[in-house]
Structure formats: structure tokens, C-alpha cells
Amino acid sequence: MQWINDRIRPLRMWLIAGGPQVAALGYAAVLLAALALQSWPGFQYAEWKLYDQSLKLLRSLTHQPVTNDVVVIAADEESFRAFDEPFALWHKRLGALVDAMVVAQPAVVGLDIVLPAKSFEAVLPGIDRELMVPLLRARGKLKLVVAQTLDDDLRPRPIFPGFTALIGQEQLASALVCFDEDSVVRRVMSAQCGSAGDHQGLAQRMGGLLGAPARGTGLIDFRTGDPFTTISMAQVLRWQAEGNTQKLKDTFGGKPVLVGVVLPLEDRLRVPVGLFAAEPGNSRIPGVMLHAQILRSILNNGFIQSVPRWLVSALTALVCLCWFGYGFKKNLVYWTLFLMLPAIGLYALWLGYALSPAALLVSAKLAYVARQGLEAMRLSHQRSRLTQAFAGHVNPRLLQRVLASDLHQGAGELAPQRQQATVMWVQIPEHNPVLTGGAADAALRSLSRYFDAVQQAVQRTGGMVDRFQGTGVLAYFGAPLPLRNPARAALEAALAITRSHPAWGVAVTQEGGALPLLSIGIATGPVVTGQAPMKNSSPFVVVGEPVDEAVRLAMQAAQAASAAQANGSKEPVQVLVSAATAAAVGGAGLTPIGRGVANNVPTYSLNLR
């Protein structure tokens, strides 16, 4: 596992570092992943479902009826109750229907009922004549197309030659339909579905007899037309038997007619939308209605055409631009695009083009999430580095403010900047018997009590401990996060340190000896703060004259404390403050003691009582 981590770490650091190469290669990787995802079968299934929902929504929003609609004659439950013969022996009923259609004179008739493959004369003498005679009478008077199924090798299943001779070989058509992998019929039968090119579909053959233009291949147009109502075959034969010629002509005259089985559990096909008026919302429709919808498409707007693959790829490359950028504007563009893509897909479908937005939505989401993941990795790395840099140096609540500022504002308060800050240097003598002559672990335990006291005092007032150097401690107030009055916070921390001096001072002095000298220097002024962009790290630094001045003041305070003790004073603590610090607090609690030796600037002492 460590070997894997060692190999991955350089790549991870390269991604975190960013730059034009990372941006370009990241975009290319996202684009390739999006294109690969679009070819995945599971993704195609999602596209189909979204396409189906788009069709349903479009039908509800833009109702498009057709002027010369297809009439469906149903061999339904009423017909099966009215006719005594088994369905395979309906020769007489089909013959009567052909005679009725000759009277009605429809534009074309499609028979979606497969005729027998052999003669039934041996079983029931004269039965073949009951259909053959009407077919003979209809020759030249009725445009009739008869459905023919195909076998497993896509060869036409035979029909009794006597019927074929009367119908005409050219009037036979394939009843085969094209199923997608989810068992839903969306497209017309074509070579894409495994159909041989010389087997024309039932609806296409009927459209050809009506003089409709060749529509080629595509998706069935489920946008147009009302749900189908049916006329029972038994009712049609009653009109024929009654001699109700006018009713037949009014109902079927000049219209395309399809005849097929309409039963609850037989010859049902799944389509994207419900098309049976008697069963609203049921997308499993009788097969004859599917052929009728295909004929609607041929006679009206043609088939819906899929958007070319190259255009989908180009649009995918466009939406994958969500990889670039960050912040509010990018999020606004992304969510606007996420809302617009379904509307664009719906508009394209209304125009007759199938542009499923699923491919583009997923591509945009992939690009957006991938970039968010990269940014999250960068922020996590930055947060880890900041935590390592500041943990233990600042109050935990202040650390959270630093992290929040940096993560929400980019560089935030850690960006290089000039600001006003107060610097404090705290020191005890390094030449201390406990520290230099005792055991090492005892020396560090003693020193830790001193460091803890300084750190707690600094952090309570909102300051930051920069480092522990020897027996000195450097702290900042007003950096990295600004304080209302950094100078006052530093003075409060200094008072807290001096008041805790007796408690921790005994740990760094010999038994019975005097408390160690404590000297503190505090200076205020303009400084440069921020993370230094070093090769392998980015430490937070504070640079400016106040840093050096605080150290000089602490050294001056140590000399003053030593001189006072030499003169018999028992006070081991001295806090010196710069003039700028005194001005920032209005001189409260401070006593001027003269001018500094190094810079001839007024110096103040903090009143400790």
C-alpha cells in the first residue's frame, strides 16, 4: 500500500499544483470519459427513458391531431363472442369484411391478421372459397395489403398459395417491428434492427399505395394524433349484413384502414406513450395500433430523425467546458445549463429531431463534479497544510476562522498583504541552572510550563504564537486575522504572562532561588504578512520593523530588569512598549521611561500593578 501511495503522491501533487497543463489534460480526460459513458448500454437505457418522458410531455403540451387519420377495425372481444368459429377458421368473416371494404371504398386497407399457411378444405370443405371469392371480387377495386410474418432466418413465412395468388405477391408486407434493448418499440423496422431490406413493412407498403413520399428510417413519430378508438369487426359485418352502405362509406370512405386483433393479453407491444383511447396511460398497445401510428408518421410529418453522432460529440465537448472555472459565476452557468438542456431537447423533439439531453446532462455533471473533486482535493491539501502550520500556534477557534477565510476566499487572510499588526517577544534567560545543568527531560518539562503559560495568554487574546526560539517566544496580534485593537490585545497577553510568572517561574529556577527574569518587548506598526511561496512549503510569515523592534525592546527590558535587581529590586519582570503601541491604546497603563538607545524613539513601560 505504501508503494502505491508513493507512486500516486507525485501525480496528486501535480494535480494540486494546477496550471495550464492540468486544466487541458483534465478537460481531455473528462471529455473522453463522457464519450465512453455515452456508449455504455446502461446509459443508453437512461437516454431512452428520458426520451419517452419527453414524448409524453410534448404530447400533453402540443397536441397535434392529424386531418386524415387511420381507422382501426378491431377483432376484439365483441367479435370473438359474435363469431362461432375458431379464429383460425374465420375465412367467412374475413371474406365478408373484404366485401364490406369494397363497398366502403377506403383509401387502402391493411390486414394485420396473418392468413393460414395451408388449406383447411380437408377439415371443412368449401372454407377456402369463403375467403378466395371475396378476394377475387376485390381485385382492381380495393387496395389491400396483407401482413406476413418472418421466420427466425428473416424469411417470409408462407401463406396458402391460393390466397397469395389472389392478393398478389407485391401486396404482402412484413408485420415485423423493431424492439430496442428494453423491449420498447421506438423505431421503424430497418437493417439496423436486423430486417432484410427487401421486406417492406405493412405501414410502409400502405403508404406507398397512397403515394406518400419514401420516409426512409428513423424513430416513429409518437407526437401526433389522438389516441386510437376502434370499430369492432362484428359491427362492420352487421352494417354489411344490413346493407347499410352509407354508414360504411361515411366511416371508411377515402381513409386508410387497418384491421387487427385488439385483445387484452394478445399481440401487445410496449411503446413510449399510451395510444389506446380505451386504456389511457397504458403503454402496452395492440400491434395493429403500432402499425397505424407508423402509417400516421408516413402520411404526415415523417419519422423523427436522430441527431448525428458527430453533433452530439461536439455538444458534449461544449458542455464539458464546465470543467473550467470556479465560484459563483461558474455555478450559475452550470445550473442554468442544467435547466436549459431538457428544454433544448424538448424543442428539438418538437422540430422532429431526437436530441436526448441525458448525454449532455451527464457530461456536464461529470465535468462539474470532476472539477469540484479536484478543487476539494486542493482545499483539503491546503487545509491540512494550514492546520499543520497553525495548530498549536493559535486558539482553535481562531484556527477555524483562518481556515474558513482561506477556503472561502481563495487565499483569504493568508494572501500576501500589508497590514497593521503588533509583535510581542517574550524571553527568559537562557543561562539558567535548571535548563543548562539539570537532566534533559526535567529541563524540557520545566520549559514547557513556561511555553504553555505564554501560549495560553496569547491565544486567549486572539494572538498567534509564531515560534519558540531558545527560551524566547515570538507572537503576533492582528495577523493573520485582523483584531479590533491588536496593541491592546498584546498588552493584555503581557499582563497575563507576568501574573502567571510566579506559578511557572518556580519550575525554571533552583529550589529556594529567585524567580527567573522575564522580559517582554511589544512593538506596533505596518508589516507584510502572508504565505511565503517556497518550493516545498508555504509558511506564514510576518516581516517588518516591528519584529526587530520587539526583540530590541525585550533585550532592553532584560537589561533594565538585571540593573534593577542589582540595585536591590525584587521585581523580576519588565515589559517595554514602543511609542506606536502606546499611541494605539492612548497611553493607558503605560509609563514613559525615555528614548530607545538604538533609534531614539520614546519607550514606555507597562504598569504591572
**Message:** Suppose we filter Tyr326, Tyr353 for residues that are modelled with pLDDT under 80 and open to solvent by 50 Å² or more (accessible area, probe 1.4 Å); which single one remains?
**Reply:** Tyr326
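Restricting the range 329-341 to residues that are open to solvent by 30 Å² or more (accessible area, probe 1.4 Å) and either in contact with a strand residue (DSSP E or B) (Cβ under 6 Å, 6 or more places away or on another chain) or aromatic (Phe, Trp, Tyr) (or both), which is modelled with the lowest pLDDT? Quick ask: steps written out before the conclusion?
Restricting attention to the range 329-341, the residues satisfying the condition of being open to solvent by 30 Å² or more (accessible area, probe 1.4 Å) are 329, 331-333, 335-340.
With the extra rule that they be either in contact with a strand residue (DSSP E or B) (Cβ under 6 Å, 6 or more places away or on another chain) or aromatic (Phe, Trp, Tyr) (or both), the set shrinks to 335, 338.
Working: Trp335: 86, Phe338: 83.
Checking each candidate, the answer is Phe338.
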**Prompt:** What residue, among those in the range 451-483 that are in contact with a Leu (Cβ under 9 Å, 6 or more places away or on another chain) and assigned to a helix (DSSP H, G or I), is farthest from Pro429 (Cα to Cα)?
**Reply:** Gln459
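Can you give me the number of residues within the range 31-48 that are under 19 Å from Ala364 (Cβ atoms) and touching a residue at least 24 places away in the same chain (Cβ under 8 Å)? Talk me through it step by step, then tell me what you get.
So in the range 31-48, the residues under 19 Å from Ala364 (Cβ atoms) come out as 31-40, 42-44, 46-47.
Subset that is touching a residue at least 24 places away in the same chain (Cβ under 8 Å): 31, 33-35, 37-38, 43-44, 46-47.
Total meeting the criteria: 10.
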**Prompt:** Among the candidates Ile127, Ile167, which residue alone is modelled with pLDDT of 85 or more, over 28 Å from Asn68 (Cα atoms), surrounded by 17 or more Cβ atoms within 10 Å (Cβ to Cβ) and out of contact with any Cys (no Cβ under 6 Å at 6 or more places or on another chain)?
**Reply:** Ile127
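Within the range 295-313, work out how many residues are of a type in the set (A, V, I, L, M, F, W, C) and open to solvent by 50 Å² or more (accessible area, probe 1.4 Å). Before you say what the answer is, go through the steps one by one.
Let us first name the residues in the range 295-313 that are of a type in the set (A, V, I, L, M, F, W, C), namely 295, 298-299, 303-304, 307, 310-312.
From what is left, the residues that are open to solvent by 50 Å² or more (accessible area, probe 1.4 Å) are 299, 310-311.
Qualifying residue count for the region: 3.
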**Complete:** Cβ pairs under 6 Å, 6+ apart or interchain, first in the range 338-351 and within 14 Å of Glu47 (Cβ to Cβ), second assigned to a helix (DSSP H, G or I) and not hydroxyl-bearing (Ser, Thr, Tyr), ordered by first then second residue, are Leu341/Pro357; Leu341/Leu360; Leu341/Leu361; Pro342/Pro357; Gly345/Pro357; Leu349/Leu58
**Item:** Residue check, Lys118 within 28 Å of Gly253 (Cα to Cα), of a type in the set (Lys, Arg) and open to solvent by 30 Å² or more (accessible area, probe 1.4 Å)
**Value:** no
**Fill in**
Pairing a residue in the range 228-242 that is in contact (Cβ under 8 Å) with a residue 24 or more places away in the chain and small (Gly, Ala, Ser) with any residue that is surrounded by fewer than 19 Cβ atoms within 10 Å (Cβ to Cβ) and not in a helix (DSSP H, G or I), where Cβ atoms lie under 8 Å and the two sit 6 or more apart in sequence or on different chains, gives Ala234/Phe83
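This table checks each residue for (1) modelled with pLDDT of 90 or more; (2) not hydrophobic (A, V, I, L, M, F, W, C).
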| residue | (1), (2) |
| --- | --- |
| Gln148 | no, yes |
| Pro158 | no, yes |
| Phe179 | no, no |
| Val185 | yes, no |
**Request:** Hey, could you check the range 197-216 for residues that are surrounded by fewer than 16 Cβ atoms within 10 Å (Cβ to Cβ) and at pLDDT below 90 and say which is farthest from Ser306 (Cα to Cα)?
**Result:** Gly211
**Request:** Please enumerate the residues belonging to the range 217-242 that are open to solvent by 50 Å² or more (accessible area, probe 1.4 Å) and either closer than 19 Å to Gly352 by Cβ or in a loop (DSSP other than H, G, I, E, B) (or both).
**Result:** Thr217, Asp226, Pro227, Thr229
**Item:** Checking Asp250 against (1) crowded, with 18+ Cβ neighbours inside 10 Å; (2) not in a loop (DSSP other than H, G, I, E, B), the condition it does not meet
**Value:** (1)
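The values are calculated or read from the model by the stated rules, or taken from the named source; none is laboratory data. These figures come from a predicted structure and were not determined experimentally. Counting neighbours? That spans all protein chains shown, and the Cβs are built from the backbone with ideal geometry, glycine included. Quick note on the areas: whole protein, heavy atoms, side chains included, nothing else; ligands and nucleic acids left out. Shrake-Rupley method; radii C 1.70, N 1.55, O 1.52, S 1.80 Å.
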